[in-house]
Amino acid sequence: MKNKKLSSMDVVNEVDVLLSNAVLEPEGWFDYYEDVAIRKATAFNDDDWLAIKNLWPVKDDAWQMKFAGLLGGVNYELAIPILEEMVIKGSTGVVSEALNSLNNMDGDDYFFIPKNEMAEQLQHLYKTEQHTIKKQTIASLLSRIK
């Protein structure tokens with residue numbers, strides 16, 4: 001029997017279900033569900049990215065936080081606009097996860113540099129953040145702006 005290729009929305013729905021059902025425990029989430037979700041999300045086509053871009057704002061904070069973490073492991077070019085939007089519009093936990101994903105987007109062929117438009121938001125977050133590790137993440141991102 002041939003493998004049935006999943007339609008575009010099937011992949012988005014599978015990622016949605018994974019994010020909805022996974023318990024938000026860092027070790028459990030990152031050890032299994034995030035790996036599976038990342039594998040599925042790397043198969044997203046343009047329609048999937050559009051669907052997921054419209055889906056994330058209506059989901060609860062726990063889902064959004066897991067989604068922000070997932071975005072750090074997929075197509076940077078397509079994930080960055082969503083992560084930047086999360087930094088501006090998300091709750092405190094979502095912003096923190098989005099910043100972590102953006103900060104960790106570096107490799108042999110890519111290094112995330114925030115746009116100048118993000119500078120004001122990052123400076124505000126830096127001034128108001130009390131947690132040392134999060135403050136260091138924000139400082140790292142600010143230092144990349146030319």
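Readers should treat all values here as calculations from the given coordinates under stated rules, not as data from a laboratory. Remember, it's a predicted structure, so these values are computed and weren't measured experimentally. When we count neighbours, we look across all protein chains shown, and the Cβ atoms used for this are built from the backbone with ideal geometry, even at glycine.
In this structure, is Ala51 in contact with a helix residue (DSSP H, G or I) (Cβ under 6 Å, 6 or more places away or on another chain), in a helix (DSSP H, G or I), over 18 Å from Leu141 (Cα atoms) and not charged (D, E, K, R)? When the stated conditions are applied, Ala51 passes them. With respect to Gly73, determine if the residue is within 22 Å of Ser20 (Cβ to Cβ), touching a residue at least 40 places away in the same chain (Cβ under 8 Å) and not charged (D, E, K, R). Spelling it out, it is not the case that Gly73 is within 22 Å of Ser20 (Cβ to Cβ), touching a residue at least 40 places away in the same chain (Cβ under 8 Å) and not charged (D, E, K, R).
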